[in-house]
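Peer 1: After the structure tokens below, expect a handful of questions from me.
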Amino acid sequence: MAGRWIEQWEPEDEIFWQEKGERIARRNLWFSVLSEHIGFSIWSLWSVMVLFMGPEYGVDPAGKFFLISTATLVGAVVRVPYTFAVARFGGRNWTVFSALTLLVPTVAAFVAMKPGTSYTTFLVVAALAGIGGGNFASSMTNINAFFPLRKKGWALGLNAGGGNIGVPVVQLVGLLVIGTAGATHPRIVLAVYVPLIVVAALCAASFMDNLTPVQNDTGAAKGAVRDPHTWIMSMLYIGTFGSFIGYSFAFGLVLQTQFGRTPLQAASLTFIGPLLGSLIRPAGGWLADRYGGARITLWNFAAMAAATGVVVYASGIASLTVFLVGFIALFVLTGLGNGSTYKMIPGIFHAKAIAQGLRGEEAAACGRRLSGAAMGLIGAVGALGGLAINLAFRQSFQTAGTGTAAFWSFLVFYGLCFTVTWAVYLRRAAAVPAKPQLSYAEV
């Protein structure tokens, strides 16, 4: 896979972008979305598999929450090496390889999904599915390098949103199987994905490119780790993407455990929230491009806290209808927040470069260098929010038989994220020593 290397790439150059850059970048974006989409489906596979696990499997609700937590944890951890793999092996080459590795957890689940399999085996197989979560980090790092700053919000939002849709799609496949073949045929879901994985790998090999200028920069990685904005944005991304992936994995189990839904009833509702949250993510990036990521993120957290309050109220009165309204609103808001927070990352580091006296392409290159390194760390830490949500649900249901306590903790955290966004990126905007048109309020 040594071919298809692009030696020169200058997306901030208007002439270069209009003559050939945009066409190449868009082509790589579409096939990156396809591969990442399949990756998300495999990562969230066990949110579907647990719906097939009836009493004959001998796994209680707490055990099922722990299974999906295992996949979440592994998916978060592997995002760090996946981020640096793009520069080491090339975006195209790594996309092909990472797509093909998805065959491992898919085939393993096909073998394991039957009554009598030990819980330890299920844990190992669920952990293997976590490698699908790494595809997001490598894909976002790759696409970040292809697009100019003014287009990053849209491009990253579309790339991530198309990937996120992999969650509701695999849940829809599970619904279709349960509704037609019954809840005793989980292997049909897995059989659907084997050829799709092969198609994604072949498309990446045929239509994507590697960028020679994208190289691993140890200094940039160290700089990103030391920069406080990396960890502040990690916290905000826990609130947005961590919520999205955590709720996506847990939604069906919450409906079954708290509201007594059957597998078919749960599956018929589970996909709605993740689907809407995925579709709205590009809009979050677009709004951030137009009005500023910090502003959109701030009010998004306020709305998330309000929606969580609705869910807490619904849990108290045991109303499934009100619960669904609040929970689906949460999904939509996590999608918007995903787009706006990821738009903030390159903007923040570009603003810092300008504050240091850099201008033009020099400032843009510095911003790309640091933001590319920071994105992997932020994506990994943000995904750990999904683990925290699943463990919070597990503990809440184990001790109280309801998810209300967990939702209260989420509400408090969204309030904290609102405060941090305002204090760091909006209250101090006027004091940032950067050009007025690129203050932190507008990143």
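Peer 1: Given the condition open to solvent by 40 Å² or more (accessible area, probe 1.4 Å) and either farther than 22 Å from ILE296 by Cα or aliphatic (A, V, I, L, M) (or both), answer yes or no: does some residue in the range 344-355 qualify?
Peer 2: Yes, the range 344-355 contains a residue that is open to solvent by 40 Å² or more (accessible area, probe 1.4 Å) and either farther than 22 Å from ILE296 by Cα or aliphatic (A, V, I, L, M) (or both).
Peer 1: Here's another thing I want to ask about it. Please verify whether THR101 is at pLDDT 95 or above and surrounded by fewer than 21 Cβ atoms within 10 Å (Cβ to Cβ), treating the condition exactly as stated.
Peer 2: yes
Peer 1: Let me ask something else about it. Are any residues in the range 289-307 in a helix (DSSP H, G or I) and either of a type in the set (Gly, Ala, Ser) or over 20 Å from the mean Cα position of the chain (by Cα) (or both), and if so, which ones?
Peer 2: ARG290, TYR291, GLY293, ALA294, ARG295, TRP299, ALA302, ALA303, ALA305, ALA306, ALA307
Peer 1: Something else now. Do the conditions hold for VAL125, that is, is it out of contact with any Asp or Glu (no Cβ under 9 Å at 6 or more places or on another chain), without any contact (Cβ under 8 Å) to a residue 40 or more places away in the chain, closer than 24 Å to LEU73 by Cα and open to solvent by 50 Å² or more (accessible area, probe 1.4 Å)? First the steps, then the outcome.
Peer 2: On the way: out of contact with any Asp or Glu (no Cβ under 9 Å at 6 or more places or on another chain): yes; without any contact (Cβ under 8 Å) to a residue 40 or more places away in the chain: yes; closer than 24 Å to LEU73 by Cα: yes; open to solvent by 50 Å² or more (accessible area, probe 1.4 Å): no.
For VAL125, the condition - out of contact with any Asp or Glu (no Cβ under 9 Å at 6 or more places or on another chain), without any contact (Cβ under 8 Å) to a residue 40 or more places away in the chain, closer than 24 Å to LEU73 by Cα and open to solvent by 50 Å² or more (accessible area, probe 1.4 Å) - is not met.
Peer 1: Right, here's the next one. Return the residues of the range 317-342 that are under 14 Å from the mean Cα position of the chain (by Cα) and open to solvent by 10 Å² or more (accessible area, probe 1.4 Å); say none if nothing qualifies.
Peer 2: VAL332, LEU333, LEU336
Peer 1: Within the range 104-122, which residues are aromatic (Phe, Trp, Tyr) and open to solvent by 30 Å² or more (accessible area, probe 1.4 Å)?
Peer 2: Across the range 104-122, the qualifying residues are PHE110, TYR119.
Peer 1: Filter the range 425-436 down to the residues that are in a helix (DSSP H, G or I) and open to solvent by less than 30 Å² (accessible area, probe 1.4 Å), then identify the one that is modelled with the lowest pLDDT.
Peer 2: Going through the qualifying residues, I end up with ALA429.
Peer 1: Also, I was wondering about something else. Which condition does GLY246 not pass, out of (1) open to solvent by 20 Å² or more (accessible area, probe 1.4 Å); (2) assigned to a helix (DSSP H, G or I); (3) more than 24 Å from ALA145 (Cα to Cα), if it passes all the others?
Peer 2: Failed condition: (1).
Peer 1: Looking at GLY91, GLY132, GLY157 in this structure, which one is modelled with pLDDT under 90 and crowded, with 24+ Cβ neighbours inside 10 Å?
Peer 2: The unique qualifying residue is GLY157.
Peer 1: From the residues in the range 166-191 that are open to solvent by 60 Å² or more (accessible area, probe 1.4 Å) and part of a helix (DSSP H, G or I), which one is farthest from TRP5 (Cα to Cα)?
Peer 2: THR180
Peer 1: Would you check which residues across the range 195-224 are more than 21 Å from SER32 (Cβ to Cβ), open to solvent by 50 Å² or more (accessible area, probe 1.4 Å) and either polar (S, T, N, Q) or outside any loop (DSSP other than H, G, I, E, B) (or both) and list them?
Peer 2: Those that are more than 21 Å from SER32 (Cβ to Cβ), open to solvent by 50 Å² or more (accessible area, probe 1.4 Å) and either polar (S, T, N, Q) or outside any loop (DSSP other than H, G, I, E, B) (or both): THR218, LYS222.
The values are calculated or read from the model by the stated rules, or taken from the named source; none is laboratory data. The shown structure was predicted, so the numbers you read here are calculated from the model rather than taken from an experiment. Here Cβ is always computed from backbone atoms with ideal geometry, including for glycine, and neighbour counts include all displayed protein chains. With ligands, DNA and RNA removed, areas are computed over all heavy atoms of the protein, side chains included. Shrake-Rupley method; radii C 1.70, N 1.55, O 1.52, S 1.80 Å.
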